[in-house]
Amino acid sequence: MARFLLKRLALALVTLVLVSVLVFAVAQVLPGNVGRNVLGGFATPAAVAQLNHQLGVDRPLWTQYWSWVSNFAQGNLGTSLEYRVPVWSLLQASLVNSLKLAAVAFVLVVPLSIIGGVFAALRRGRLADRVITLTGLSLTAIPEFVSAIVLILVFGLALRVLPVDATAPPGAGFLTQVKYLLLPAAALTLVLFGYIARMARAGTIEALDSDYTRTAYLKGLRTHTVIRRHVLRNSLLPTIAVIATQMGYLIGGLVVIEKLFNYNGIGQRIYTAAQNKDFTMLQSSVLVIAIVYLTASLIADLIYSLLNPRIRYGGTS
Amino acid sequence: MSAFAVTATAARRRSARRETLRALISSKTFVVGAAIVGWWVFCALFASVIEPHDPLTQSADVLAPPSLHHLMGTDQLGRDVFSRWLGGARSILEIAPAATLLAVVAGTTLGLLTGYLRGAVDDIVSRLSEALLALPMIVIAVVTVVALGHSTLTLVVVVGVLFTPIVARTVRAAVLSERERDYVPAARLRGERAGYVMFAEILPNVTAPIVVEATVRLGYAIFTVAGLTFLGFGVQDPSPDWALQISDNYTLLAAGNYWWTVLFPALAIASLVIAINLIADGISQVTER
């Protein structure tokens, strides 16, 4: 198991290095002279050159990349070009906000979609299965801002049961904060439901069709014992893997949802940074997102290997 | 291969295609999906004929609720929402299919190369696409569109390039199982070149997964382009694009319940992506049989 996890860790590190090169390359293509963008059209060429020198953007690309990455590794994410303050001081609060929103979405979507998928599998081929499968498939395809708009119109404006603003008043308690996050989290949940439910359904069907399930039934175990002890244990493994891959989407969905609900999260930061061409902010926030995503995948690998006896007892994947 | 064998193969393929088509027509999900997509394609082509008002003309009649004169009301600039709803199909139906086509052509080529040749090329491409997929699609798209500047062409290229590794992964998996079949070593022993084996022998046998993948990707292309447009990095004003209508009008919801300005374009996007997914579902059920 240690070998399996070490291998995954090494692969994640390689991916992270490639991602940082990719992000840096794209951020460097951002058009325009950095000093000119910051100072505006009326600044003298000398002032622009001086600011460029001060920011270090007149150095060779390789040097700039190295200083960015090595500083990043030491926790120095650079200085925002727009706000002229350390990136981390702005990003920290946003990251916490985003994690809150993602956590609410996660807590909603995982049990709902697993129950939905398993239920569909147990009713395979019948109306309930068809409805769950087709609804999931359709919801997955609808852009999150579209379903969010419908949710706002229904729950926020027509029924007036949920606040349409995602930001709770300052000093609000835990439950109030959750209440404010329900609508944006529900929009993210709708997109993810289909994927996870489909995986849970497929895994459950495979387990239901297996020899060990038939044996369990034939030895006279009751249905719910068979399902709990034999079917679910096997069917949920691929589901965990899919939940991990969807973390990437969840973070991307935050960009759109946070803009829609005007919520100060990391997605909103990336959006504003992209709009204002604040490229130090942009490249560092994108790298932070990549790290969050890769960490989530590693945690999923860890859970997967703890639950899967084939890996737990020393086999390789 | 003799001329006779070639015509026989062609005839067999044609009859297989006819059979697939018949199966598709009898699939309810496919027919419903195709009808909805057909309606929006019709709107994209003939919107200028059927629109009751000009979708770009502004009037003093701002934010009027739906009425007989304005079936879906008017937006904050007094433009007729119904006309914009009909005309909004065009931009997305130009950009998303073009991006999908780019991704399918590039991804198929890449998938054939990596799946058939394996080795170092395969390893490098897999690593690179894994790095690309480790970032949320919309984030890379936003960053690249900002770097390259707004234009329809940029949108097509960015979405097309981002989807290429995903298509390549599907094609590669199909090629990997296909290259173990007898006809591949047979062609190689005949002395065919790698290019011929890949494109003339393997490609015709992996079209089914490619068609399914292409339909699914089309749905996601719409998803991504609409998301980019909503964020302000996609289709630009004054286009009647649906996502742009939502983006322009949703901030008004805080001031009053002007639901008609956002609900109708939202339903339009939803119906289009659901229809494309129904088509994809229909095709995959027919081809997997």
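The values are calculated or read from the model by the stated rules, or taken from the named source; none is laboratory data. Just so you know, these numbers come straight off a predicted model, no measurement behind them. Methodologically, a virtual Cβ is constructed for each residue, glycine included, from the backbone with ideal geometry; neighbour enumeration extends over all protein chains shown.
Out of curiosity, is B:Leu155 within 18 Å of the chain's Cα centre (by Cα) and either part of a loop (DSSP other than H, G, I, E, B) or among the aliphatic types (A, V, I, L, M) (or both)?
Working: within 18 Å of the chain's Cα centre (by Cα): yes; either part of a loop (DSSP other than H, G, I, E, B) or among the aliphatic types (A, V, I, L, M) (or both): yes.
Yes: the conditions hold for B:Leu155.
Let's see how each residue does on (1) of a type in the set (A, V, I, L, M); (2) out of contact with any Ser or Thr (no Cβ under 8 Å at 6 or more places or on another chain); (3) closer than 21 Å to A:Tyr271 by Cα; (4) at pLDDT below 90:
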residue: B:Ala255; (1), (2), (3), (4): yes, yes, no, yes
residue: B:Pro265; (1), (2), (3), (4): no, yes, no, no
residue: B:Ala270; (1), (2), (3), (4): yes, no, no, no
residue: B:Gln285; (1), (2), (3), (4): no, no, no, yes
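Would you confirm, using the coordinates I've provided, whether B:Val206 is within 22 Å of the chain's Cα centre (by Cα), within 14 Å of chain A (Cβ to nearest Cβ) and in a helix (DSSP H, G or I)? So that I can check it myself, show each step before the final result.
Numbers: within 22 Å of the chain's Cα centre (by Cα): yes; within 14 Å of chain A (Cβ to nearest Cβ): no; in a helix (DSSP H, G or I): yes.
So B:Val206 does not fit the description; no.
Would you be able to say whether some residue in the stretch A:289-302 is at pLDDT 85 or above, in contact with a Pro (Cβ under 6 Å, 6 or more places away or on another chain) and closer than 22 Å to A:Ala185 by Cβ?
No, there is no match, as no residue in the stretch A:289-302 is at pLDDT 85 or above, in contact with a Pro (Cβ under 6 Å, 6 or more places away or on another chain) and closer than 22 Å to A:Ala185 by Cβ.
Filtering the stretch A:201-236 down to residues that are in a helix (DSSP H, G or I) and among the acidic types (Asp, Glu), which residue is farthest from the chain's Cα centre (by Cα)?
Keep residues of the stretch A:201-236 that are in a helix (DSSP H, G or I), which gives A:201-208, A:211-218, A:223-236.
After this cut, where a residue has to be among the acidic types (Asp, Glu) as well, the list is A:206, A:211.
Numbers: A:Glu206: 28, A:Asp211: 37 Å.
Here the residue is A:Asp211.
Quick check on A:Leu134: is it surrounded by 15 or more Cβ atoms within 10 Å (Cβ to Cβ) and facing chain B (nearest Cβ under 9 Å)? Write out each step before concluding.
Numbers: surrounded by 15 or more Cβ atoms within 10 Å (Cβ to Cβ): yes; facing chain B (nearest Cβ under 9 Å): yes.
It is true that A:Leu134 is surrounded by 15 or more Cβ atoms within 10 Å (Cβ to Cβ) and facing chain B (nearest Cβ under 9 Å).
Please enumerate the residues belonging to the stretch A:47-63 that are in contact (Cβ under 8 Å) with a residue 12 or more places away in the chain and surrounded by 12 or more Cβ atoms within 10 Å (Cβ to Cβ). Step through it out loud before you land on a result.
Kept after step one, since they are in contact (Cβ under 8 Å) with a residue 12 or more places away in the chain, are these residues of the stretch A:47-63: A:47-52, A:55, A:57, A:61.
Selection gives A:Ala47, A:Val48, A:Ala49, A:Gln50, A:Leu51, A:Asn52, A:Leu55, A:Val57.
Which members of the stretch B:58-76 meet the condition of being polar (S, T, N, Q), assigned to a loop (DSSP other than H, G, I, E, B) and in contact with a helix residue (DSSP H, G or I) (Cβ under 9 Å, 6 or more places away or on another chain)?
The one that is polar (S, T, N, Q), assigned to a loop (DSSP other than H, G, I, E, B) and in contact with a helix residue (DSSP H, G or I) (Cβ under 9 Å, 6 or more places away or on another chain): B:Gln76.
A quick yes/no check of all residues on (1) acidic (Asp, Glu); (2) at pLDDT below 90:
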position: A:Lys100; (1), (2): no, no
position: A:Leu108; (1), (2): no, no
position: A:Leu112; (1), (2): no, no
position: A:Thr140; (1), (2): no, yes
position: A:Glu144; (1), (2): yes, no
position: A:Val150; (1), (2): no, no
position: A:Leu159; (1), (2): no, yes
position: A:Asp165; (1), (2): yes, yes
position: A:Ala185; (1), (2): no, no
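When you go through A:Ala121, A:Ala102 one by one, which is the residue that is within 26 Å of A:Val178 (Cα to Cα), in a helix (DSSP H, G or I) and in contact with a helix residue (DSSP H, G or I) (Cβ under 8 Å, 6 or more places away or on another chain)? Steps first, answer last, please.
Details: A:Ala121 fails: within 26 Å of A:Val178 (Cα to Cα).
Checking each option against the conditions leaves just A:Ala102.
So, in the stretch A:114-163, how many residues would count as being in contact (Cβ under 8 Å) with a residue 60 or more places away in the chain and of a type in the set (Phe, Trp, Tyr)?
Number satisfying all stated conditions: 1.
From the list B:Leu228, B:Leu263, B:Leu252, which one is over 19 Å from the mean Cα position of the chain (by Cα), aliphatic (A, V, I, L, M) and within 11 Å of chain A (Cβ to nearest Cβ)? Steps first, answer last, please.
On the way: B:Leu228 fails: over 19 Å from the mean Cα position of the chain (by Cα); B:Leu252 fails: within 11 Å of chain A (Cβ to nearest Cβ).
Just a single option satisfies the conditions, and that option is B:Leu263.
Hey, could you check the stretch A:157-185 for residues that are within 13 Å of chain B (Cβ to nearest Cβ) and surrounded by fewer than 17 Cβ atoms within 10 Å (Cβ to Cβ) and say which is nearest to A:Asn264 (Cα to Cα)?
Step by step, filter the stretch A:157-185, then rank; the result is A:Thr167.
Only one of A:Val23, A:Val38, A:Val19 is more than 9 Å from chain B (Cβ to nearest Cβ), assigned to a helix (DSSP H, G or I) and touching a residue at least 24 places away in the same chain (Cβ under 8 Å). Can you tell me which? Working first, answer last.
Numbers: A:Val23 fails: more than 9 Å from chain B (Cβ to nearest Cβ); A:Val19 fails: more than 9 Å from chain B (Cβ to nearest Cβ).
A:Val38 is the lone residue from the list that is more than 9 Å from chain B (Cβ to nearest Cβ), assigned to a helix (DSSP H, G or I) and touching a residue at least 24 places away in the same chain (Cβ under 8 Å).
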